[in-house]
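Structure first, commentary second.
The values are calculated or read from the model by the stated rules, or taken from the named source; none is laboratory data. Everything quoted here is computed from the prediction, not taken from an experiment. As a convention, Cβ positions derive from the backbone with ideal geometry for all residues, glycine included, and neighbour counts pool all protein chains shown. The area values use the complete protein model at the heavy-atom level, side chains included, leaving out ligands, DNA and RNA. Shrake-Rupley method; radii C 1.70, N 1.55, O 1.52, S 1.80 Å.
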Amino acid sequence: MSTDGQAVRKVVILGAAGRDFHNFNVVFRDDPRHRVVAFTATQIPDIEGRTYPPELAGDLYPDGIPIVEEDELTDLIRREAADVAVFAYSDVPHEQVMHLGSRCIAAGADFWLQSARSTMLRSSRPVIAVTAVRTGVGKSQTTRYLSRILRDLDQTVVAIRHPMPYGNLAAQACQRFETHADLDRHETTIEEREEYEPHIDNGFVVFAGVDYEQIIRAAEQEAGVILWDGGNNDLPFYEPDLHIVLVDPLRPGHEDTYHPGEANLLMAHVVVVNKCDSARPEDIEAVEHTVRRVNPRATVIRADSPVTIDDVGVVAGKRVICIEDGPTLTHGSMTYGAAVVGARAAGAEEIVDPSPYAVGSLAYTYAKYPNAEGILPAMGYGEAQVRDLEATIEATIAATGADAVVSGTPIDLGRILSVSKPLVRARYELREHTPGGLEAAVRDVLSRPVTVGSQTEAAAR
């Protein structure tokens, strides 16, 4: 097959049902010089074996594009005689990226990392992007904090969340969430609810899905400002007018050793050193030293992530099961989160280890991510996993006599789970050490014109 006398290059995209689809849509979908023969899948359960549907893949792909397990990568490249392998997922150590690159090169394919510039779309509205150097640093509470600043400045804000399309991809092309009923109607998973529900509870509309060109154009119809709520440590999908990047002093050294987190750090306008209330002073200093070495132009802001328990009396002196945000414990490699911090501060007698009683997919999660042992990751990529989570809690209660469950996820798990012991929430927000730093950065962005092609608009004030 050829185009204008040139052979069409066969492409494999390595992904995790997010960045991979976006890169395809923006770079490859309508390009006859390249033909994407497959996506590979990792990180997210049950993605492989599906097809990226023809409704999203476009006219060049009437049968859609198969999605296969990443373990098949070498055979796939050789079988399809693929010319190019594109790495397109996030929160991966630099060394692991290059191990994958070596596999691709040895199998006969060029190995590509696509740039932010080649994959970012431009909006007609000001875009404030919140990203991080690792998952679980505090992007969500930072986004909520910024949305309140913007509301106080009389801005109409729409949040756009990094993709988590775990269901019917064609039906999830462009989703809008304004109420809890929208969450139910779209059959969202726990992972999706953790990101959408807090925006809804704060009175903001959030968009997400698969086709982020379609999403941004829909959001622009009702937004004065776009707030990009990033996932993992991925790059923004939209060109930001203000790029805020979070770093984590609980994981010093990770800020320049993970992909594409280091790229975010290099691009940042503002760097927020979060969780200073939980970190050692020497680790805070070490992280700030790296930030100033890597990106001396960035403004550096210190912040805390204080945790509060809804009902301390349920936790004090009790034996509790702690549930944490799933990705933070899995590919985020943390060993605890807000639930543990809150439970300890509230005087819990013991944090009960649920891992010996894990049911179904939770047992697989502990086997793959042993760092999560001792805490329960809120895995909920589908109904079956939600039931496994519920069953693991009940099995732990039955075996240990645990008195309560503390949830450190950003949502009310009581809307989804039914458990036999009290379930209380550990909530966390952003608190700047010197108030006003982020507001000053936001005000500066709103004072500038927004240029799109030959069109220039004054940013809404």
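Can you tell me which residue among Glu394, Glu383 is within 25 Å of the chain's Cα centre (by Cα) and of a type in the set (Asp, Glu)? Walk me through it before giving the result.
Numbers: Glu394 fails: within 25 Å of the chain's Cα centre (by Cα).
Just one listed residue meets the conditions, Glu383.
Only one of (1) modelled with pLDDT under 90; (2) crowded, with 18+ Cβ neighbours inside 10 Å is not met by Gly374, so which one is it?
Of the numbered conditions (1) modelled with pLDDT under 90; (2) crowded, with 18+ Cβ neighbours inside 10 Å, the odd one out for Gly374 is (2).
Can you find a residue in the range 335-346 that is among the polar types (S, T, N, Q) and open to solvent by less than 60 Å² (accessible area, probe 1.4 Å)? Spell out the reasoning first.
Filtering the range 335-346 for residues among the polar types (S, T, N, Q) gives 335.
Checking the rest, the ones that are also open to solvent by less than 60 Å² (accessible area, probe 1.4 Å) come to none.
No, because not a single residue in the range 335-346 is among the polar types (S, T, N, Q) and open to solvent by less than 60 Å² (accessible area, probe 1.4 Å).
For the range 9-18, which residues satisfy the criterion of being at pLDDT 95 or above and either part of a helix (DSSP H, G or I) or open to solvent by 10 Å² or more (accessible area, probe 1.4 Å) (or both)?
Arg9, Lys10
Please specify each residue of the range 315-344 satisfying the condition of being farther than 26 Å from Glu195 by Cβ and in contact (Cβ under 8 Å) with a residue 40 or more places away in the chain.
Listed by number, the residues that qualify are Lys318, Arg319.
Do you know which of the residues in the range 399-430 that are among the β-branched types (Val, Ile, Thr) and modelled with pLDDT of 85 or more is farthest from Asn274 (Cα to Cα)? Give the derivation first.
Taking the range 399-430 and keeping what is among the β-branched types (Val, Ile, Thr), we get 400, 405-406, 409, 411, 416, 419, 424.
With the extra rule that they be modelled with pLDDT of 85 or more, the set shrinks to 400, 405-406, 419, 424.
Working: Thr400: 35, Val405: 26, Val406: 22, Val419: 33, Val424: 24 Å.
Once the filter is applied, the top-ranked residue is Thr400.
For the range 277-291, which residues satisfy the criterion of being assigned to a helix (DSSP H, G or I) and either acidic (Asp, Glu) or open to solvent by 100 Å² or more (accessible area, probe 1.4 Å) (or both)?
Of the residues in the range 277-291, the ones assigned to a helix (DSSP H, G or I) are 281-291.
Across the range 277-291, the qualifying residues are Glu282, Asp283, Glu285, Glu288, His289.
Taking into account only those residues within the range 62-94 that are among the charged types (D, E, K, R) and touching a residue at least 60 places away in the same chain (Cβ under 8 Å), which is least open to solvent (accessible area, probe 1.4 Å)?
Taking the range 62-94 first, the residues among the charged types (D, E, K, R) are 63, 69-72, 75, 78-80, 83, 91.
Now restrict to residues that are touching a residue at least 60 places away in the same chain (Cβ under 8 Å): 80, 83, 91.
On the way: Glu80: 58, Asp83: 54, Asp91: 6 Å².
My answer is Asp91.
Given Arg193, Arg144, Arg185, which one is within 22 Å of Leu56 (Cβ to Cβ) and among the charged types (D, E, K, R)?
Working: Arg193 fails: within 22 Å of Leu56 (Cβ to Cβ); Arg144 fails: within 22 Å of Leu56 (Cβ to Cβ).
Only one candidate qualifies: Arg185.
So for the range 124-133 (the condition being touching a Phe, Trp or Tyr at 6+ places or on another chain (Cβ under 7 Å) and modelled with pLDDT under 95), does at least one residue qualify?
No, there is no match, as no residue in the range 124-133 is touching a Phe, Trp or Tyr at 6+ places or on another chain (Cβ under 7 Å) and modelled with pLDDT under 95.
Does the range 295-319 hold any residues that are open to solvent by less than 30 Å² (accessible area, probe 1.4 Å) and over 27 Å from Ser407 (Cβ atoms), and which are they?
Listed by number, the residues that qualify are Asn295, Ala298, Ile301.
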